[in-house]
Structure formats: C-alpha cells, structure tokens
C-alpha cells in the first residue's frame, strides 16, 4: 500500500493470489470465521502474508483487539460483531461493555458464535436518552434452574480464550478432561464438550474459565453443562461453576 502511494503499481495475479482474494471477498454464511481461521493458519505456518502485512501497515493486531486500541467519540457508538468476552481476560463475562469515557457500547454476546453465547439487547428509555440512561437485557437458549444453596465466588485459575486455546489432553473422567494449556504450561479440568480438533488435528478449548460463581439461594442459573463435577452456567451473563443443590 505504501508503494502504491508513491508510484504506479501493476499487480500480477496467480492461483495463490486468486485464492486469497476469494477468501477476502467471500460473503457467504460463516465467512468471517473462515477468514479469522485463515489468518491464524497463515500467522502460524508462514509468519506473514498479504493480509497480515496489510493489517500490520494499518497498525491493526491480527491476534487480539482491546478497547484501548479505539478512539473516543463525541456521540455514543454501539458496536457488535466482536464478542464482548474476547475483550475481557479476567472472567468469562458476556454482558455488554459500557465505555463511558470513550462513548462506546460493545454489545455482542456471542450468540450463534460461542457455545455459551447470549443475545444482548440495549434498552433505551426514549430516543433522546443519554448513554448513562441506557440499560440492557439478555436471553439465551439454556435451561434455567434455581440455586438452593449459597456459595462464595472464587477467581479463575485459568481462562482459555480463542486466540490462545491449544491444549494437550491428559486424562478424561466423568465428562471432564484434564488438559495442559500449551502456552502457559498449566493444567486444568475442562468439560469435554468444550474441546475440539482443528484441521491440523490439534486440540483446542473453546473459551473456558474455571471460576466459581458467587451464588445466593434463589439465584437463577442458565445451565450450560451439568455433570458429576457440578453445574457450569451463567448468572446475569457471567460464567462459572456452581456446586450446590438445584431446584426447578
């Protein structure tokens, strides 16, 4: 792109370039995920390429996006597409993000993309409402139970996220798999439903956090998985384990 700004450039196209352009111009269902997977593959196997070079020249990370990368706006801007859980690294939290200083609301709850996703909706009291007046609600497709016991919340020991998800399987027991997270060399037990194989036959974990929820008797929990270990679910959009008794 820099070369084209200073001189006339003629581009010759071969079969590889044609394939890259097909990936870029693909608008069919699932194209965004396929593009991200290609970027990950190219970064891993080649280290660079047309799209990676373009992103680097635009000073855009090909691996991780943070809200600190974004400017502040004079009016409230609502964003989607990027699941809010990928902005957060301390807990698995699918609630909308309200960045009042930058005037940004990130609302994508990962519905249809993340196994634990939810549909977030913003609630405007009227058309002229200020950002501070905007509320939100959510819904998902998981069964809901009532907590009969209370438990204290406990911080996660590890949160495996999309861009750093490779693991080794070590042991499986009663619906849980003991995994070694390759980049941190730490182990944890993960529900088997969260593991998947990529095209290179390497194991990954799909966005899993082993935190323990803070629960009060009567809290309603959206149950993602229930097995011998306990109940892994959501309270108000935050994911974690509940080990107490459940009622309907």
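The values are calculated or read from the model by the stated rules, or taken from the named source; none is laboratory data. Here the structure is a predicted model, which is why all the values come from computation and not from measurement. Reconstructed Cβ throughout: ideal geometry from the backbone, glycine too, with neighbour counts over all protein chains shown.
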Just one listed residue, out of 138, 100, 87, is buried (at least 17 other Cβ atoms within 10 Å of the Cβ) and free of Cβ contacts under 8 Å to residues at least 60 places away in the same chain, and it is 87
Of the listed residues (190, 167), the one being in contact with a strand residue (DSSP E or B) (Cβ under 6 Å, 6 or more places away or on another chain), under 16 Å from residue 92 (Cα atoms) and part of a strand (DSSP E or B) is 190
Of all residues in region 93-144, which are part of a loop (DSSP other than H, G, I, E, B) and farther than 29 Å from residue 241 by Cα?
-> 100, 101, 102, 103, 124, 125, 126, 127, 128, 129, 130, 134
Identify, from the list 225, 221, the residue that is surrounded by 15 or more Cβ atoms within 10 Å (Cβ to Cβ), in a strand (DSSP E or B), touching a helix residue (DSSP H, G or I) at 6+ places or on another chain (Cβ under 8 Å) and in contact (Cβ under 8 Å) with a residue 24 or more places away in the chain.
-> 225
Yes/no for residue 159 being in contact with a helix residue (DSSP H, G or I) (Cβ under 6 Å, 6 or more places away or on another chain), modelled with pLDDT of 90 or more and under 19 Å from residue 235 (Cα atoms) | no
Do you know which of the residues in region 10-30 that are assigned to a loop (DSSP other than H, G, I, E, B) and under 18 Å from residue 49 (Cβ atoms) is modelled with the highest pLDDT?
-> 26
With (1) out of contact with any strand residue (DSSP E or B) (no Cβ under 6 Å at 6 or more places or on another chain); (2) closer than 28 Å to residue 99 by Cβ; (3) assigned to a strand (DSSP E or B) as the list, and residue 172 as the residue in question, which single condition is left unmet?
-> (2)
Residue among 222, 165 that is within 27 Å of residue 141 (Cα to Cα), modelled with pLDDT under 95 and outside the structural domain of residue 96 (by TED's automatic domain parsing) = 165
Only one of 201, 216 is modelled with pLDDT of 95 or more and out of contact with any strand residue (DSSP E or B) (no Cβ under 6 Å at 6 or more places or on another chain), namely 216
